[in-house]
Amino acid sequence: MAKILYGGGVANMSGSQAGTVHSHNQFGSYTRNRVVPVNPQSANQTLARSRLSYCAQAWRTLTDAGRLAWQSLGAQIVRTDPLGQSYTLKGFNAFCLVNCHGLANGGSLLLDAPALDAAPVITIGALAIDDVDTFTMAYSAVGGTVGNSFEVWASAPVSQGKAYINPSQLKKLGRFAGNVVSPLSLYDQYLAVFGDSPVGDVGERVFLEVRPFSANGIPGPVVRKSAIIALAA
């Protein structure tokens, strides 16, 4: 890995070009050799690809007016790229964004573009995790429309020295109504996803990510927090 201080006409760069990846972290910009991503073809990965393929096929069946409606919706959805610049979505991207999330949670394909509505802004409060039977998350939700929801994703226990993990290491515990009582118990969901050792060893760290959605399935700002597994009282 080589560190870089950009100047002149290039202020920053992110992404890969030929065999070189340009990125940045808290220490500044750097480059590294491009590595071919691992393709485990897990059941969840296969399902996600199937949903995306299904949405792509459905997009081709829409009328021009239907595509224009999704284009209008996409133009209102603002995202931020790796360089911190804002951009909006194309109609196809908005169609797949809303429908892939909806299908993943048991919904049906939505052919008509919904109205843009607000997702709640989630703040994660205290996380309580022990090595026996406790896994709870306190949270607060501000704003959002009636009928909103949020997904909770978590990691397996990792070294407490880690300050960051790749999002690919997170697995979905479930989707919950936006007004579910806080603190939310996640013990049973964590056990179902990660097996017989639901919280691992004392002193290890578990990462949690909350992904809010509006009533119409528009994703909101993602928040993340972690906690160290405590010895049960």
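Worth a mention:
- Compactness ratio for region 26-137: Cα radius of gyration over 2.2 N^0.38 Å (N = residue count) comes to 1.43.
- For Ser16, residues with placed amide H under 5 Å, excluding near neighbours: His22
- Under 19 Å from the Val181 label point (7 Å along Cα→beta-carbon), backbone N, region 118-155: 125-128, 134-141, 150
- Model label sites at Ala104 and Ser53, defined 7 Å from Cα along the beta-carbon direction, differ in position by 1.8 nm.
- Of all aspartates and glutamates in the structure, the ones whose alpha carbon falls short of 15 Å from that of Lys171, not counting any fewer than 8 places away in one chain, are Glu151, Asp188, Glu209.
- List Glu209, Glu204, ordered by accessible area with a 1.4 Å probe, largest first: Glu204, Glu209
- Taking a Cβ cut-off of under 13 Å around Gly203, the surrounding Lys, Arg, Asp and Glu residues balance to a net charge of -2, with basic ones at +1 and acidic ones at -1.
- Accessible surface, 1.4 Å probe, highest first, among residues Leu47, Leu191, Leu89: Leu47, Leu191, Leu89
- Accessible surface comparison of Tyr87, Tyr164, Tyr190, probe 1.4 Å, protein chains only, largest first: the order is Tyr164, Tyr87, Tyr190.
- Amide N proximity, region 42-76 versus Ala192 label position 7 Å along Cα-to-Cβ, cut-off under 20 Å: 43-48
- Amide H contacts of Leu184 (H built 1.01 Å from N, under 5 Å, at least 5 apart or other chain): Met137, Ala138, Tyr139
- Model label zone, Val121; criterion: amide N under 11 Å from point 7 Å along Cα-to-beta-carbon; scope region 204-225: 221
The values are calculated or read from the model by the stated rules, or taken from the named source; none is laboratory data. Keep in mind the model is a prediction, meaning the values are calculated, not measured. Please note: Cβ atoms are built from the backbone with ideal geometry, for glycine as well, and neighbour counts cover all protein chains shown. In case anyone asks, the SASA skips ligands and DNA or RNA and just uses the protein heavy atoms, side chains included. Shrake-Rupley method; radii C 1.70, N 1.55, O 1.52, S 1.80 Å.
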